[in-house]
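What follows is a single structure, written as structure tokens, with notes after it.
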């Protein structure tokens, strides 16, 4: 698959994940947040929790889980801290890190609280 097809598949996976979260009562705050230290695929809220979601589109769950390394989460955590400081309404919210794996065309696996910073 070439780069454009990967990019298109990734955007589609993020849209599916956003709708999946909305249907489960999450409020989508923003998507594709870029900071100088990393990117957040989806920022959502539920109750008083800021939920930072990494979306992975892979052929199967195992390859999606294998693609998430500690360094990836550290960059996402750093980006989340920057995102949180940019908005006064988010500053006092607890932060949770989730992953959504999109497998095949329609398979969605939500892994809440998949990672916690040390």
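Values quoted throughout were computed directly from the atomic coordinates according to the rules given, and no laboratory measurement underlies them. Here the structure is a predicted model, which is why all the values come from computation and not from measurement. All Cβ positions, even for glycine, are placed from backbone atoms using ideal geometry, and neighbour counts span all protein chains on display.
I need the calculated FRET efficiency for the pair residue 6 and residue 94, taking r as the beta carbon distance and R₀ as 41 Å, to the nearest 0.05.
For R0 = 41 Å, the calculated efficiency reads 0.80.
Using r as the Cβ-Cβ distance of residue 86 and residue 49, and R0 as 25 Å, what FRET efficiency do you calculate, to the nearest 0.05?
0.90
Once both axes come from the Cα atoms, what is the angle between helix 70-86 and the longest principal axis of the chain, in degrees from 0 to 90, rounded to 10?
Approximately 40 degrees, to the nearest 10.
Quickly work out the residue 23-to-residue 60 label distance, labels modelled 7 Å from Cα along the C-beta direction, and quote it in nm with one decimal.
2.5 nm
What is the distance in Å between the Cα centres of the stretch 12-60 and the stretch 78-105?
8 Å
So if each residue of separation counts as 0.36 nm, and I subtract the Cα-Cα distance between residue 75 and residue 35, what length gain in nm does that give?
13.4 nm
Let me check the size of the chain from its C-alpha atoms; what are the radius of gyration and Dmax in Å?
In Å, with Rg to one decimal and Dmax whole: 13.7, 42.
Would you mind ranking 116, 61 so that the residue whose beta carbon has the fewest other beta carbons within 10 Å leads the list?
Fewest-to-most Cβ neighbours within 10 Å comes out as 116, 61.
For 102, 95, 37, 53, which order do you get if you count the other beta carbons within 10 Å of each Cβ and list the fewest first?
Arranged by neighbour count, lowest to highest, 102, 95, 37, 53 become 37, 95, 102, 53.
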